[in-house]
Structures are given as structure tokens and as C-alpha cells.
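Below is one structure, written out as C-alpha cells; comments come after it.
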Amino acid sequence: MDVTVANSRVAGAARAPPSKSYTHRALLAAGYAGGALVRNPLVSADTKATARAVEHFGGDAERAGEDWEITGFRGEPAVPADVVDCANSGTTMRLVSGAAALADGTTVLTGDESLRSRPQGPLLDAIADLGGAARSTRGNGQAPLIVDGPIEGGRVEMPGDVSSQFVTSLLMAGALTDDGVEIELTTELKSAPYVDITLDVLESFGVDAAEQSNGYRVPGGQTYEPEGGEYAVPGDFSSASYLLAAGALAGGDEVVVEGAHPSAQGDAAIVDVLREMGAEIEWRKDVGEIVVGQSSLDGITVGVADTPDLLPTIAVLGAAADGTTTITDAEHVRYKETDRVAAMAEELAKFGVSVEERPDELVVHGGDSDLSGARVDGRGDHRIVMSLAVAALVADGETVIEGGEHVDVSFPEFFDSLAALGAAVER
């Protein structure tokens with residue numbers, strides 16, 4: 001689907017959708033439990049994939065108004081009767097690989113073309129080290145995957161610079177093993193705040209797990225049981241970043257982003273990034289609101305080792321800022337739904353932005369750039385689509401974004417929210 005976004009001013013209030021990261025973990029945790037009512041979940045293409053996976057392992061997932069009623073399998077996932085299709089959701093594949101490793105039999109997991117290109121090798125090796133068996137059907141560490149369980153637990157070594165989701169998968173499953181799981185990281189952990197989210201969800205479900213020197217540990221023999229039988233999902237800062245960037249770049253008046261309560265999400269760093277660039281921004285934490293107005297921004301140097309999903313947003317901010325914005329520690333951002341470093345370099349160039357792409361950096365010369373409307377490709381990646389839409393707000397003329405439907409992965413109402421703020425959007 002093509003979406004046309006014209007140069008526009010925005011103002012008013014918009015609500016950040018529920019957190020995708022928290023929703024994935026809460027759905028699986030409820031599956032590991034006897035069940036739970038997951039309140040205020042993000043209902044999107046990715047989280048639906050996780051809900052379906054819970055059903056594959058013997059649970060049930062039913063919508064209850066705005067909530068998700070999960071009937072769990074009490075720590076004993078069944079062997080799926082069919083292939084588990086994770087669609088485009090890397091989080092689903094990695095998290096439920098842990099569930100597959102607990103099942104007493106063989107599970108096959110696959111996904112779409114993009115997902116079948118993403119690395120899974122370190123997680124497969126870890127499952128084997130814990131007493132299971134796991135392999136890529138093509139022998140390249142990529143899906144389709146075949147996982148045999150059950151694992152007993154134990155100690156594993158694994159790299160931390162490929163995906164923090166490997167750690168999350170093992171921690172969530174490890175609580176249900178006999179021996180627990182101890183993870184020693186052999187390289188620096190990238191995206192560490194996402195493991196903090198995992199620890200936060202585990203605590204809410206009554207599961208003990210902790211960071212330790214060079215890794216993490218979760219004792220075995222535990223039970224998932226949320227207080228009161230329910231769990232409420234907080235708002236999503238990754239998605240909020242596009243609304244905040246729109247306000248900072250194209251605010252005709254203040255933009256108020258609601259649903260922004262403090263949590264373990266690393267992407268809350270977007271508030272500090274905007275402030276450092278010179279934005280007029282206020283976070284009213286007590287009511288969960290962030291207020292931002294149109295601002296003259298200056299380029300900065302910012303690392304995304306722990307916040308890879310912010311790279312597209314920061315790149316767009318840099319394109320409209322004075323001076324140069326250098327985004328560092330970005331090599332792992334190449335292994336998302338698409339190579340987001342290359343994608344942002346190539347698509348921003350279509351707007352007329354001067355960009356340099358380096359192996360682990362993206363350098364955006366906003367001071368040398370005047371944005372003009374263009375036809376751009378969302379690359380089948382929800383975050384690329386939304387960031388390009390924000391750029392279109394300050395580009396001269398109209399911009400056509402190919403693949404606009406992919407916002408369904410994390411922020412299905414994104415274009416509705418943008419239009420409600422006053423943006424000229426045609427679908």
C-alpha cells in the first residue's frame with residue numbers, strides 16, 4: 001500500500017500504543033503460567049504471532065474486549081501439531097524457541113522471507129548445550145529451525161552482541177527447567193534494556209531472575225503466577241519516538257504524547273536525545289505525558305548499542321537538524337527486519353539528504369541538506385515506514401511511501417494518529 005504524506009504542521013494529543021516488547025513477553029509468560037488476563041496489550045501482526053505460538057504449545061488466546069485472555073499450559077508446553085509460523089516476528093521466533101526447548105519432542109519454526117534471513121545460531125547452540133538439540137534446516141543458523149527438547153538447564157556461554165532476545169528466551173524458559181539456567185556472555189551485551197524489560201515481566205509473574213557478573217541467572221523449578229491473575233502492558237517508547245519527532249520537527253503547536261509512563265524500556269532515551277539536540281520537551285512522568293514543541297535542532301553524536309530501534313528516528317531528526325548527527329554502535333541494527341543502517345542511508349538520500357554509511361555508523365549531514373518530497377521504499381519494515389513519514393512532514397511537496405501497511409507490525413493506528421494531529425495523509 002502506498003501512503004502519501006505532504007509537508008504538514010501537527011498539533012494536539014496522541015497516545016503511544018502499548019509496548020510491543022512487553023506484550024510479547026507477557027503473552028508468553030501467561031502461556032507458561034496457568035494463564036492470565038493481559039490488559040492493554042498491543043494487538044499487532046507481531047504480537048498475534050506470539051499469541052498463535054502460545055496456542056501451538058497447548059494454550060489458548062482469546063480477545064476479551066481490549067484485553068487478551070490467555071489460558072496457559074502451566075510450564076509444560078506440548079509438542080506442536082504443526083509448524084509454528086512466526087510470520088515477520090523475530091521476537092516471537094526467538095522467545096518461543098525456548099518454549100520449544102522445553103517440549104518433550106520436536107518443534108519446527110519458520111517465518112517469512114525476512115525472518116528466514118535473521119541470525120539464530122547462538123540460541124541454537126545454547127539449546128544444545130543445555131541438553132536439547134537445535135539446528136537450522138539449511139545449516140546457516142537461520143530459519144526454518146528444528147528444536148528438540150526437553151532441556152534440563154545448566155550453564156551456557158553465548159555472545160551478547162547479536163541479539164538480547166537470545167538471553168530473554170533462555171531466562172523465560174530456564175525458570176521451568178530442573179536446574180535453572182546460567183548465561184555467561186562472551187561479548188558485550190547489545191540492547192541490554194530489553195533484558196531489563198524481561199526481568200521486569202518475570203518479576204511481575206513471580207519469577208526470580210537476576211543479572212550477575214558477565215551474564216544472567218534464573219533458578220529452576222519456578223512457577224509463573226501473576227499477582228491477581230492479570231498483567232497490564234505499559235505504553236511503547238519506540239512507537240512514541242515517531243510522534244515526538246513529528247512534534248519536534250513539524251509542531252505548529254505543542255504535541256502531547258500520552259501513555260508514556262516510566263518503565264524499563266531503553267527507548268525512553270528518545271526524550272534525552274531530543275533534549276540534547278535542543279528540543280523543547282517536558283516529560284510529565286506522574287501523568288504519563290510528554291509535551292514537545294517545534295524546535296531548532298542541532299546535530300549530535302549518539303550511540304544506539306542499547307537502543308537499536310531508535311536509529312531510524314534519530315536519523316530523520318538528524319536530517320532536519322543543523323550540523324551533523326553521527327549515530328554510532330549501530331552494526332547490530334543491520335540484523336533487524338531489514339538492514340536499517342543501509343535502508344535509512346539510501347532512503348534519506350532520495351529526499352536529498354547528505355548521508356554517509358559506515359560499517360557501524362550512520363552519519364547524517366543535516367546542515368548540508370534540504371529535504372524534498374520523493375518516492376521512498378519502506379523496505380517492508382514498520383520502523384523505516386514510520387520514520388520516513390516523519391521526514392515527509394518537513395520535506396517540500398509530497399512524499400509517497402511504499403509498503404505503508406507494514407506499520408501493522410507495531411503501531412497499526414500510526415497513520416490515523418498522524419492524521420489526527422493534522423498531517424496531510426492519503427492512503
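The values are calculated or read from the model by the stated rules, or taken from the named source; none is laboratory data. The structure presented is a predicted model; accordingly, all values stated were derived computationally and were not measured. Using ideal geometry, Cβ is built from the backbone for each residue, glycine included, and neighbour counts are taken over all protein chains shown.
Within segment 338-360, the residues that satisfy the criterion of being within 30 Å of residue 142 (Cβ to Cβ) and buried (at least 24 other Cβ atoms within 10 Å of the Cβ) are 340, 341, 343, 344, 347, 348.
Residues in segment 382-427 that are in a helix (DSSP H, G or I) and acidic (Asp, Glu): 405, 408, 416. Considered as a group, the residues in segment 66-115 that are of a type in the set (Gly, Ala, Ser) and over 23 Å from residue 153 (Cβ atoms) include one that is surrounded by the most Cβ atoms within 10 Å (Cβ to Cβ), and that residue is 89. As for segment 403-414, it holds at least one residue that is of a type in the set (Gly, Ala, Ser) and within 23 Å of residue 269 (Cα to Cα).
Among all residues of segment 374-386, there is at least one that is assigned by TED's automatic domain parsing to the domain that holds residue 7, at pLDDT 95 or above, surrounded by fewer than 18 Cβ atoms within 10 Å (Cβ to Cβ) and over 21 Å from residue 308 (Cα atoms). For segment 1-41, give me each residue that is among the hydroxyl-bearing types (Ser, Thr, Tyr) and more than 15 Å from residue 415 (Cβ to Cβ). Matches in segment 1-41: 19, 21, 22, 23, 32. With the structure loaded, tell me whether residue 145 is aliphatic (A, V, I, L, M) and over 20 Å from residue 56 (Cα atoms) or whether it fails that test. When the stated conditions are applied, residue 145 does not pass them.
Considering each residue of segment 293-307, count those that are under 25 Å from residue 191 (Cβ atoms) and either in contact (Cβ under 8 Å) with a residue 40 or more places away in the chain or outside the structural domain of residue 367 (by TED's automatic domain parsing) (or both), and give that number.
4
Of 137, 187, all but one fail to be surrounded by fewer than 18 Cβ atoms within 10 Å (Cβ to Cβ), under 19 Å from residue 96 (Cβ atoms) and of a type in the set (Ser, Thr, Tyr); the exception is 137.
Going through (1) more than 24 Å from residue 85 (Cβ to Cβ); (2) surrounded by 19 or more Cβ atoms within 10 Å (Cβ to Cβ); (3) touching a Pro at 6+ places or on another chain (Cβ under 9 Å) one by one, residue 163 falls short only on (1). If a residue has to be under 25 Å from residue 308 (Cβ atoms) and surrounded by fewer than 24 Cβ atoms within 10 Å (Cβ to Cβ) to count, how many in segment 396-405 make the cut? The number of residues fulfilling the criteria is 4.
For segment 361-373, what are the residues that are crowded, with 16+ Cβ neighbours inside 10 Å and modelled with pLDDT of 95 or more? Talk me through it step by step, then tell me what you get.
Initial filter on segment 361-373 (crowded, with 16+ Cβ neighbours inside 10 Å): 361-366, 369, 371, 373.
Matches in segment 361-373: 361, 362, 363, 364, 365, 366, 371, 373.
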